[in-house]
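Here's the structure we're looking at; comments come further down.
The values are calculated or read from the model by the stated rules, or taken from the named source; none is laboratory data. Because the structure is a prediction, the values reported are computed rather than measured. Every residue, glycine among them, receives a Cβ derived from its backbone with ideal geometry; neighbour counts consider all protein chains shown. The protein model used for the area step is the full one, side chains on, heavy atoms only, and it has no ligands, DNA or RNA in it. Shrake-Rupley method; radii C 1.70, N 1.55, O 1.52, S 1.80 Å.
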Amino acid sequence: MFNKISFKIGFLFFVFILIIEAFIFFTLYTNLANERVEEVMESLLARGNTHRDVLEDYYDHSTIKHVGIMESASEFIVIVTNEQEDVLISSDPVEEEMLSLIEKTKNIPPEGKIVEARWMEQKYIATSSPIMINGEDRGFVYMFAPTDFIKKTIHQLSEQFTIISVITVGLTVITIVILSRFITQPLIRMKEATEQLSKGSHHVSLHTNRNDELGDLANSITKLSNELERMKSERNEFLGSISHELRTPVTYIKGYAEIMNRPQLSREDIVSFSKIIQEEAEKLAELIRNLFELAKMDQHNFVIVRENVKICDVLYSVEKRIRPVLSEKNIHLTVNCPDGLEAYVDPNRLQQVLLNILDNARKYSSKGSQIIIDALETDDYMTIAIQDEGEGIPKDDLPYVFERLYRVEKSRSRHSGGSGLGLPIAKEIVMSHGGKMTIDSELGVGTTVTIILPKGE
Ligand SMILES: Nc1ncnc2c1ncn2[C@@H]1O[C@H](COP(=O)(O)OP(=O)(O)OP(=O)(O)O)[C@@H](O)[C@H]1O
Ligand SMILES: [Mg+2]
């Protein structure tokens, strides 16, 4: 529970909001309370000053008495003293605290003064206003207000604040719970989905029409699961194809080896069977070598050693190597290469790519046809196009020829000895150089394979 993200988010929010609310409420409360207290004190002083003003005008016994009578009905207490601070009259019974305060009070300015402001500790707050007639001190008007009254007001204020605080905290908690649910519910669903993914169920769908980060995450997970699903089925297909590819030569080898054990075989038969066995074993070795190469590429264990290469030299050396096999089928090869074309590539790998493509052009072309290699360069890239006049590839098959072990017609390449790894290997090599490889073909007309490579440094 405490480890849940909803709790963590909620708790964090709660603490934050609580601190902010506490701060705001505290400031508001102290300001309000202080204002109230000040108001009471100011009005007490004003009241005292009014009595003093009256007394300054009519300073006689009956007016003094009158002041006392006036305040006896109010919640305030008035005490009028002479200049020696002896009590002349008081509206209510004089208490010990009042007397000691009067005794302590010295130096009152003409506009009067608050002489006791400690409303929290004392029973009364008090003000004093001096009576001056013709510049002579004639006495003082002391006003007292019981602090119970202020305390009651402040108490009411705090009660109101408590109620408001409780309501606010409650609302905050509710908001946070809803908010954290809103955020964490989709996260929980995604967590469950990824758990399912890791358990092997590769199809999860997290359909969401949110267009925020959580929506993006859900879409990414769905995409990931689709990708996993695709990879799984691709792997199964690949394993199926491999075992099939391996089974065929092994069946041949086994079959011919058995036949060779028979008695009364002619010398020629033995020679021809052992030749078949040898050929099949070679095919097997080639297949395994290619598969191993692809596996290395997948693990990025595949090293390319780049150097500045004169591309035309590579093309001419490839031409020289393949010319003998081409002439067996009377195929004519033309190489068009602009002088001085250079690129920063691995020459051996580039040669491998070209040989794979030319080997296809040769295998799937009829006698007497033509193959043309065109090299071109732009600012940053160079292009090598290999065009043949062979049988071509059907449109439906074209998107798949770069897939491992894919062959257009199984019979076609069985008799030509292919296993469907030539193009995928070539493409991997080109891609590891940061390049691109495309194929165009028309059935019965011919095929063009194009390699685009960055020229590099
Ligand atoms: N130039 C081409 N003309 C016609 N078909 C082609 C051509 N290049 C490739 N193909 C078709 O594409 C398939 C895949 O080619 P790829 O080079 O990958 O395999 P392969 O030649 O059959 O076997 P491998 O290259 O492993 O010996 C081939 O089986 C062939 O049917
Ligand atoms: Mg091939």
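Tabulated results
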{"quantity": "Close pairs from the range 167-192: first farther than 20 Å from Phe25 by Cα, partner exposed (fewer than 15 other Cβ atoms within 10 Å of the Cβ), Cβ under 6 Å, at least 6 apart", "calculated": "Thr184/Ile5"}
{"quantity": "Those residues of the range 243-286 which are charged (D, E, K, R), open to solvent by 80 Å² or more (accessible area, probe 1.4 Å) and either in a loop (DSSP other than H, G, I, E, B) or touching a Phe, Trp or Tyr at 6+ places or on another chain (Cβ under 8 Å) (or both), in sequence order", "calculated": "Arg262"}
{"quantity": "Criterion violated by Glu377 - all others in (1) within 7 Å of ligand 1 (Cβ to nearest atom); (2) in contact with a strand residue (DSSP E or B) (Cβ under 8 Å, 6 or more places away or on another chain) satisfied", "calculated": "(1)"}
{"quantity": "Criterion violated by Leu350 - all others in (1) modelled with pLDDT under 95; (2) within 43 Å of the chain's Cα centre (by Cα); (3) assigned to a helix (DSSP H, G or I); (4) more than 7 Å from ligand 1 (Cβ to nearest atom) satisfied", "calculated": "(1)"}
{"quantity": "Within the range 418-457, considering residues that are of a type in the set (Val, Ile, Thr) and within 14 Å of ligand 2 (Cβ to nearest atom), the one surrounded by the fewest Cβ atoms within 10 Å (Cβ to Cβ)", "calculated": "Ile439"}
{"quantity": "Given (1) within 48 Å of the chain's Cα centre (by Cα); (2) within 16 Å of ligand 1 (Cβ to nearest atom); (3) in a loop (DSSP other than H, G, I, E, B), number of the condition Asn356 does not satisfy", "calculated": "(3)"}
{"quantity": "Among (1) open to solvent by less than 20 Å² (accessible area, probe 1.4 Å); (2) aliphatic (A, V, I, L, M); (3) over 25 Å from Ile154 (Cα atoms) - the single one Val94 does not satisfy", "calculated": "(1)"}
{"quantity": "Test: residue in the range 318-329 that is open to solvent by less than 90 Å² (accessible area, probe 1.4 Å) and of a type in the set (S, T, N, Q)", "calculated": "yes"}
{"quantity": "Qualifying positions in the range 120-164 - in a helix (DSSP H, G or I) and in contact with an Asp or Glu (Cβ under 7 Å, 6 or more places away or on another chain)", "calculated": "Phe149"}
{"quantity": "Within the range 1-12, tally of residues that are assigned to a helix (DSSP H, G or I) and surrounded by fewer than 17 Cβ atoms within 10 Å (Cβ to Cβ)", "calculated": "6"}
